[in-house]
Amino acid sequence: MSKNKVLVVGGTGYLGQHLLSGFFESDGVPYDIAFTYHSFAPGDLLRALPHFLAFQVDLKSGQGFDTIAEKFGQPDIVVNCAAVSVPRACETDPVSALSINVPTALGNWLLSFEGRNTLLIHLSTDQVYEGVTSFYKEEDETIPVNVYGKSKLAAEQYVSEKFSNFAILRSSIIFGPQTISPVPKSLPVQWIDATLSKGSEVEFFHDEFRCPVYVKDVVNVIITLIKTWISEGKQMQLLLNVGGPNRVSRVEMAETVAEIRGHKKSLIKRVSASSIDRGVKSPADISMNISKLVQILAISPVSFTDGVRLTLATETTE
């Protein structure tokens, strides 16, 4: 029996690496795995996952996709984790943000195959919502307030218009342990822990709300979607909110870390998001209703507190 070919686009990023690890650890699932990287393939990642193929790809031009077709073949499943996901960077260079966040080159390549039955699982964001209410549902109106959100909404529209087989996952802040090859960006829970451990006062927003989701829950969602698609053999057209069950502010995130780690809560200074100019407009409340996720995939993401415990337990044992 031939194995299903899975291509992870953006495999060296935070979610990408955790997803590759998830495939590696999953029990005898019949997949051939390849992943893309932009500038360099980390040696520690390649050593940890020796049977996975790595390909250099330019997501703007599509250069490198033909090599994947030659050496790996047409993928059955593509998971697109690649994005310019720093909102300020998107404001500074919107053209570049759009050219990477809207997967046109990837789409053109996939649509060039004769049998176009590839399942595209595309990672989107909670920042497609305006942020003026709480617990957004998938069918609620999308009115992004910054370039990042607008580029990700344009990507959703592109995927749903061009593909007959897709799942779009609107993810909140993803947190969890560090990756095999450490990513350059600061990780939210680790940053809070390291900052509070210095013993100085730190400012956190009390009036911006998200539903942070533990990274291994996101990996579980993706792998479950793939298994479902393979076993049912039906076309999939799905839009899902992927968040944790708790609506929390940055202050509440910091307080949770402080409680678990024994840091002084008095170091957490409450400030309004409007008091600081971050060079980008940020939605106030983009908490999400995840009942559709729970119902369709029978997955219940862990609470923020439990996720933080799992994250910090991993950090201390490494």
Check your understanding: For region 252-290, which residues satisfy the criterion of being among the acidic types (D, E) and more than 27 Å from E139 (Cβ to Cβ)?
Key -> E252, E255, E259, D277
Check your understanding: List the pairs whose first member sits in region 105-122 and is under 13 Å from I77 (Cα atoms) and open to solvent by 50 Å² or more (accessible area, probe 1.4 Å), whose second member is modelled with pLDDT under 90 and not aliphatic (A, V, I, L, M), and whose Cβ atoms are under 8 Å apart, counting only residues at least 6 apart or on separate chains?
Key -> none
Review point. Can you name every residue in region 256-271 that is surrounded by 18 or more Cβ atoms within 10 Å (Cβ to Cβ) and either among the acidic types (D, E) or touching a His at 6+ places or on another chain (Cβ under 9 Å) (or both)?
Key: V257
Check your understanding: If V79 satisfies every condition in (1) under 25 Å from I223 (Cα atoms); (2) of a type outside the set (G, A, S); (3) modelled with pLDDT under 95 but one, which is the exception?
Key -> (3)
Point to revise | Criterion (outside any loop (DSSP other than H, G, I, E, B) and open to solvent by less than 40 Å² (accessible area, probe 1.4 Å)) met by exactly one of V294, V308, V280 | key: V308
Check your understanding: Out of curiosity, is C90 crowded, with 22+ Cβ neighbours inside 10 Å, modelled with pLDDT under 95, under 20 Å from K152 (Cα atoms) and under 20 Å from the mean Cα position of the chain (by Cα)?
Key -> yes
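Okay, residues lined up against (1) under 22 Å from Q127 (Cα atoms); (2) in contact with a Leu (Cβ under 7 Å, 6 or more places away or on another chain); (3) in contact (Cβ under 8 Å) with a residue 40 or more places away in the chain:
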position	(1), (2), (3)
A258	no, yes, yes
K269	no, no, yes
S287	yes, no, yes
L310	no, no, yes
Exercise for review: Could you look through region 124-157, keep only residues that are open to solvent by less than 40 Å² (accessible area, probe 1.4 Å) and in a strand (DSSP E or B), and pick out the one that is nearest to I100 (Cα to Cα)?
Suggested key: S124
Revision key, fill the gap. So the strands (runs of 3 or more DSSP E) completely within region 158-246 holding 3 or more residues that are buried (at least 18 other Cβ atoms within 10 Å of the Cβ) are 166-171, 237-242
Study note, to complete from the structure: The residue that is surrounded by the fewest Cβ atoms within 10 Å (Cβ to Cβ), considering only those in region 65-87 that are over 24 Å from K227 (Cβ atoms) and charged (D, E, K, R), is E70
Point to revise | Verdict on Y31 being open to solvent by less than 40 Å² (accessible area, probe 1.4 Å) and touching a Ser or Thr at 6+ places or on another chain (Cβ under 7 Å) | key: no
Practice item. Output the residues belonging to region 267-277 that are in a loop (DSSP other than H, G, I, E, B) and not aliphatic (A, V, I, L, M). Key: S272, D277
Exercise for review: Identify all residues within region 94-115 that are within 13 Å of D58 (Cβ to Cβ) and outside any helix (DSSP H, G or I); write none if there are none.
Suggested key: P103
Practice item. For region 195-223, name all the residues that are touching a strand residue (DSSP E or B) at 6+ places or on another chain (Cβ under 9 Å) and of a type in the set (D, E, K, R). Key: E201, E203, D207, E208, R210, D217
Practice item. Identify, from the list G62, G22, G10, the residue that is touching a Cys at 6+ places or on another chain (Cβ under 6 Å) and either open to solvent by less than 30 Å² (accessible area, probe 1.4 Å) or within 22 Å of V102 (Cβ to Cβ) (or both). Key: G10
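The values are calculated or read from the model by the stated rules, or taken from the named source; none is laboratory data. From a predicted model like this one, the values you see are computed outputs, not experimental measurements. Reconstructed Cβ throughout: ideal geometry from the backbone, glycine too, with neighbour counts over all protein chains shown. Surface accessibility is based on the protein's heavy atoms, side chains included, excluding ligands, DNA and RNA. Shrake-Rupley method; radii C 1.70, N 1.55, O 1.52, S 1.80 Å.
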